[in-house]
1. I'd like to know how region 87-160 sits against the 2.2 N^0.38 Å rule of thumb: what's its Cα Rg over that expected value?
2. Please enumerate, by chain and number, the lysines with C-alpha under 23 Å from the C-alpha of Lys151, excluding those fewer than 8 residues away in the same chain.
3. Probe radius 1.4 Å, ligands and nucleic acids ignored: give me the carbon and sulfur share of the accessible area of region 81-187 as a rounded percent.
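The values are calculated or read from the model by the stated rules, or taken from the named source; none is laboratory data. Remember, predicted model here, so these are calculated numbers, not experimental data. When the accessible area is computed, the model is the full protein with side chains, heavy atoms only, and any ligands, DNA or RNA have been set aside. Shrake-Rupley method; radii C 1.70, N 1.55, O 1.52, S 1.80 Å.
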Amino acid sequence: MTEQTLRTGRTLTATRTRLAAAAATAAVVLLTACSSPAPSESSSAAPQGTASQSTQATASSSAVPTATAAPSAETAVKELVAGFPATVLPLMKGAQIQTSSIQHADPVSTAALTATVTAPSADVLSYYTKAFTDQGFKAQPGDAVDGVPLKTFVRADGAEILTVSVIQTASTATFTLGATLLPASFK
């Protein structure tokens, strides 16, 4: 095994850990948002402003086990957070955003998106496989982790990593996209 192969393997492992933490954060935000009562469409109350829709979030060390806390992490509910790399992580047609987040760091930053769509998990994986490989990402071996459909893609010698995972319930698929990207991919 070459030193480059070992270094890439360690980078992939560390990045998958960061992506898992980002996905866990997105899931916590999603569960929080889902457990809050939705405002009535006929409500005469004044709009609550963007503070309730897009918030600065710092993951608590008890909620998500991460090596370092990032006070600059931003999360949005039901919309894309400002600066989200929507070109690299496009939203599948018909999908409804549940949460999105970004965390800028050096030399790479992370982004995550959780959404729902009325489609089978195979269609979600197929859509994102095409979207990511068209951008130069290479699909990695494996299509599931512990029975959950999950696919990983890399480019830039492993510096950029994307994952897509899907949970199917009846006719709805809830999918999470996770990305570790170089700064140029956020532009």
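1. Cα-based Rg divided by the globular estimate yields 1.16.
2. Partners found: Lys93, Lys130, Lys138.
3. 57 percent
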